[in-house]
Amino acid sequence: MKAKLFILSLMLLTSMTLLARQRDTVIVGDGYHYAGKWPEGKGVLYSVKEGLVMGEFKKAKPQGECVGYRPNGELYWGQYSKGKATGHGRLYRDNGIVFIGTFKNGKYHGTDTLFRKDGSVYIGEFKNGRLKNTVATYNPAPKNIADRKPDYPRIDHKDRHMSFLKNLELDWEARNTRLRRQAGMINPEFQGGTINDFTHWVNAQIDYSAISRMPEGVRTVIVEFVVARDGSVKEVAAVFGSYPELNDEAVRIVKKSPKWKPAELAGEKKNVRLSVPVVFEF
């Protein structure tokens, strides 16, 4: 067994608690949060820039039938390949327009039908997102055409997912504001290196022999701590984790950390709060 540790910016900590009941949660980067089986299986990928995608994942990317919500209010339900909308799908816009047809790399590609809110219907041939040929236009559309318009899909737990995404966006903006305010700060150092060196040190301290056998899978613990002005580590706490035994092990490791070189701003030593996600694999 080998534990993998990933460094996560502090802005995700609040958001992560909303998914504490999710199993096998993995952080994949700043502004991103994945909950589910990693890197393959069912899951939900949250992204500040791209929105969220729910469904099957392969090699950490959406694959097969998925549902995607975009920040501009669009909803795509259909086939994905290598992380892009590819294949047959339906695109719902918040202005009432619905597209049905084929997509390639996230763009209209093939014969697509557009249903407008006013009841008119447009059918065209697209290539790489560009209109190549108009097939037919109906205004109003005859009943046999209008009846093809699909209803807006009902998605389980949509409100919970969208609430989580909104919190992620707010936390991301707050993080950027903090970074701007901290411009010019010299980050704390661990044994002459960065927090990545601390990650390697923590990894070497994990004692699986002291942990009870658990079902196969990934378990995540987020440990928050303060590097004080004197270089000591204080206020160590597990802020995310569903298994007390793993929480205790992660906290134990961080508490025994050697002293750091503290952060500085304008020549003055500063306390800095950091976080370390510890991912246990069984």
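When 87, 51 are checked against the criterion of being under 17 Å from the mean Cα position of the chain (by Cα) and small (Gly, Ala, Ser), 51 stands alone in meeting it. A single entry from 198, 190 fulfils the requirement of being surrounded by 14 or more Cβ atoms within 10 Å (Cβ to Cβ), farther than 26 Å from residue 36 by Cβ, at pLDDT 90 or above and of a type outside the set (Gly, Ala, Ser): 190. Is it the case, given these coordinates, that residue 234 is loosely packed, with under 15 Cβ neighbours inside 10 Å, at pLDDT 90 or above and outside any strand (DSSP E or B)? Criteria not met by residue 234.
Once segment 96-132 is narrowed to residues that are in contact with a Phe, Trp or Tyr (Cβ under 9 Å, 6 or more places away or on another chain) and polar (S, T, N, Q), the residue that is surrounded by the fewest Cβ atoms within 10 Å (Cβ to Cβ) is 128.
Restricting 163, 209 to residues that are part of a helix (DSSP H, G or I) and either at pLDDT 75 or above or in contact with a Phe, Trp or Tyr (Cβ under 6 Å, 6 or more places away or on another chain) (or both) narrows the list to 209.
For segment 61-80, indicate whether the set of residues that are aromatic (Phe, Trp, Tyr), touching a Cys at 6+ places or on another chain (Cβ under 6 Å), buried (at least 21 other Cβ atoms within 10 Å of the Cβ) and closer than 20 Å to residue 108 by Cβ is non-empty. The answer is yes, given that some residue of segment 61-80 is aromatic (Phe, Trp, Tyr), touching a Cys at 6+ places or on another chain (Cβ under 6 Å), buried (at least 21 other Cβ atoms within 10 Å of the Cβ) and closer than 20 Å to residue 108 by Cβ. Consider segment 79-125 and keep the residues that are of a type in the set (Phe, Trp, Tyr) and over 30 Å from residue 60 (Cβ atoms). The one that is modelled with the highest pLDDT is 115. The residue that is nearest to residue 201 (Cα to Cα), counting only those in segment 245-279 that are out of contact with any Gly (no Cβ under 9 Å at 6 or more places or on another chain) and at pLDDT below 85, is 276.
The values are calculated or read from the model by the stated rules, or taken from the named source; none is laboratory data. Quick caveat, the model's predicted, so the values are computed rather than measured. Neighbour counts are summed over all protein chains in view; Cβ atoms, including those assigned to glycine, are modelled from backbone coordinates with ideal geometry.
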